[in-house]
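Structure record follows, encoded as structure tokens.
None of the figures in this text is laboratory data; all of them are computed from the coordinates on show. In this text, all values refer to a predicted model and were calculated from it rather than measured experimentally. Ideal geometry is used to build each Cβ from the backbone, glycine not excepted, and the neighbour counts take in all protein chains shown.
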Amino acid sequence: MTTPAIAATGLRKSFGGQAVLGGIDLAVAEGTIFALLGPNGAGKTTAVRILSTLIHADGGQASVAGHDLATDPDGVRAAIGVTGQFSAVDNLLTGRENLLLMADLHHIGRAEGRRKSAELLERFDLGESAGKLVSAYSGGMRRRLDLAMTLVGTPRILFLDEPTTGLDPRSRHTMWRIIRDLVAGGVTVFLTTQYLDEADELAGRVAVLDHGRVVAEGTPDELKRRVPGGHVRLQFAAAEDLDAAARALGDGTRDDSALTLQVPGDGGIRSLRALLDRLDGAAVEVGSLSVHTPDLDDVFFALTTTKESVR
């Protein structure tokens with residue numbers, strides 16, 4: 001059995017006597033994108049700060065890259081990179097100088113530091129702006145530089161805490177491409193975000209955090225199927241087929257002008273097979289069908305509450 005890149009059991013944290021994490025369990029497979037969703041104050045950033053050794057947990061156990069969080073924090077730090085909600089770049093330096101400074105902090109030799117900095121500047125489409133002060137960079141450029149600086153140390157695991165907050169749609173899509181490329185190269189990404197489409201677009205698994213507890217976890221499609229409102233839309237070539245289907249299925253909403261029948265369904269293979277078997281048994285010919293499931297917005301609103309906690 002493969003050891004998870006990140007594993008946590010019963011992780012707890014309180015501030016001022018108020019529980020922010022109430023004993024969460026997490027498991028993130030290597031080379032994947034794992035998204036932690038939740039409203040403001042749900043505990044997302046606190047989870048990242050604990051797993052990246054920035055603060056201590058009050059209880060529970062966790063390992064990152066095979067290193068125990070409590071007994072080997074240096075091993076964890078050597079394996080990870082962290083990009084927070086706000087760009088940690090120096091406005092008084094150029095983009096190149098920021099990267100060279102990070103290379104020095106990682107004790108990388110001068111020649112190798114210059115090589116790596118140049119490579120990252122090109123990789124993140126910052127080559128033409130490398131000699132400009134970061135104070136003149138746009139928000140998207142600053143976020144890309146921030147992520148590039150995180151990669152100077154060649155981390156195996158990346159914690160990205162709301163990395164696209166405040167970016168325009170084009171810059172967000174650029175960040176998504178970069179994140180996918182990193183994962184394709186073997187990096188594991190732990191992502192927190194309030195953009196539901198971002199989690200849907202990027203993550204292989206999603207956990208929903210509310211008031212410090214994981215209230216749901218699974219693939220985006222699995223989570224969508226947990227929320228009511230999913231249905232299958234059947235299209236027919238003739239009115240008599242629509243009539244026969246309505247009789248065979250017994251429930252659903254028909255549209256006689258469009259020759260369609262909408263029936264409840266979670267979109268799963270088993271339920272679709274059962275639906276088609278019933279139609280086949282009634283000798284009903286279906287022209288086409290489409291599955292409609294709730295999106296992650298629906299999941300978010302169904303599983304979380306509006307009252308905010310401390311962090």
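For residue 270, project a label point 7 Å along Cα to C-beta. Then give me every residue of segment 198-228 with its amide nitrogen under 14 Å of that point.
Label zone hits: 226.
What net charge do the residues around residue 66 carry, taking every other residue with its C-beta under 11 Å from that of residue 66, with Lys and Arg at +1 and Asp and Glu at -1?
Working: positive: 156; negative: 30, 68, 72.
So the environment of residue 66 carries a net charge of -2.
Write down the percent of antiparallel bridges among all DSSP beta bridges whose residues are both part of the chain, to the nearest 5. Present the calculation step by step, with values, prior to reporting the outcome.
On the way: 34 of 51 bridges.
So the antiparallel bridges in the chain amount to around 65 percent.
Dividing the convex hull volume of the alpha carbon atoms of segment 59-122 by its residue count, what do you get in Å³ per residue?
127 Å³
Along each of the three principal axes of the Cα atoms of segment 231-292, give the extent in whole Å, ordering the values from largest to smallest.
Ordered largest first, segment 231-292 gives principal extents of 28, 23, 19 Å.
List 108, 55 from most exposed to least, where exposure is judged by having the fewest other Cβ atoms within 10 Å.
On the way: 108 19, 55 13.
Fewest-to-most Cβ neighbours within 10 Å comes out as 55, 108.
Quick check: residue separation of residue 71 and residue 301 times 0.36 nm, minus the Cα distance between them. What number comes out in nm? All intermediate terms of the calculation are to be shown ahead of the outcome.
Working: separation 230, 0.36 × 230 = 82.80 nm, distance 3.84 nm.
So the chain would gain 79.0 nm between residue 71 and residue 301.
Count the lysine pairs in the chain whose Cα atoms sit under 28 Å apart, keeping only pairs 8 or more residues apart in sequence or on different chains. Walk me through the numbers on the way to the answer.
On the way: 13/44; 13/307; 44/224; 44/307; 116/132; 224/307.
Step by step, the pairs that qualify in the chain add up to 6.
Please report the equivalent ellipsoid semi-axes of segment 1-57, computed as sqrt(5 x eigenvalue) of the Cα gyration tensor, largest first, in whole Å. Could the numbers behind the result be given before it?
Details: eigenvalues 94, 31, 19 Å².
Semi-axis lengths for segment 1-57 are 22, 12, 10 Å.
Hey, what D do you get for segment 20-105 in µm²/s if you plug the Kirkwood alpha-carbon radius into Stokes-Einstein at 37 °C and 0.692 mPa s?
On the way: Rh = 15.0 Å.
Approximately 218 µm²/s, per Stokes-Einstein.
On the Cα set of segment 153-304, report Rg and Dmax in Å, please.
20.4, 67
Compute the convex hull volume of the Cα atoms of the chain, divide it by the residue count, and report the result per residue in Å³ as a whole number. Show your work: numbers first, answer last.
Numbers: hull volume 54.2 nm³, N = 311.
Measuring per residue, one finds 174 Å³ for the Cα hull of the chain.
Would you mind counting up the charge near residue 23? Only other residues with Cβ under 12 Å from its Cβ, with Lys and Arg at +1 and Asp and Glu at -1.
On the way: positive: 12, 13, 213; negative: 25, 58.
Here the charged neighbours net out to +1.
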